[in-house]
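Notes follow the structure.
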Amino acid sequence: MSSTANAAEAVPQFIQRRALHIVFASTSGHTAYVVDALIGVLKSVAPGWEIEETVAEKTQPQDLLSGDILLLASATWNTGGIEGQLNPHMSVLLHDKAKTLDLAGKPCACIGLGDHRYFYTARAADHLQHYVGAHHGRLIVPTLKIIDEPYGQEEAVGAWGKQLVDASKPADWS
């Protein structure tokens, strides 16, 4: 066997460095909990990833372009006249501050939280997906919907996190 083959075998099959930028809106702490659980999983399954998280109220439009992958996360709010809205901080970011931003094919992922008691359960997920599509981003995994309390749903978050890592492989981005 050649020394090149030995060197190739010594390197783990897939170590891919990615920069993930998570922008989330959380007021009750549920979305922050899901983001923290996801980060914990990613640190174990993708230790080479750089992960940056920022809250929506401190995010500027150009921040949505940083990193290799953008992840948007928000709970569903029921304020105003119609239920099923984004968290107000995320709404201001996406619909006011970044309403003309072009994501230019950027790989994206979304997490929406909701409560089964409402007709529009986890509608934030739909709003986030719509924003990504309307602004020329590209969803690389199906959106994660967390229904009701996030506590006890860490396994679902972990499985979705592994899907995100798998979908981030360069071959999947063509």
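Results, tabulated for the structure shown:
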| quantity | calculated |
| --- | --- |
| Size of the range 16-168 as Cα extents on the principal axes (Å, biggest first) | 45, 37, 24 |
| Set of aspartates and glutamates with alpha-carbon distance to residue 99 below 16 Å, sequence-local pairs under 8 removed | 57, 63 |
| Nearest-20 debye value, the range 16-168 charge dipole, Cβ charges on Lys, Arg, Asp, Glu | 340 |
| Additional length obtainable on full extension of the chain from residue 50 to residue 66, 0.36 nm per residue less Cα span | 4.6 nm |
| Gain upon complete extension [residue 163, residue 104; 0.36 nm per residue less C-alpha separation] | 19.0 nm |
| Sequence-distant lysines (8 or more away, or on other chains) whose Cα lies within less than 22 Å of residue 145 | 43, 106, 162 |
| Extension reserve of the residue 57-residue 96 stretch, reckoned as 0.36 nm per residue once the Cα distance is removed | 12.9 nm |
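Here, each number is a calculation from the coordinates, and none is a lab measurement. What you are looking at is a predicted structure, and each value in this text was computed from that prediction instead of being measured. Every residue, glycine among them, receives a Cβ derived from its backbone with ideal geometry; neighbour counts consider all protein chains shown.
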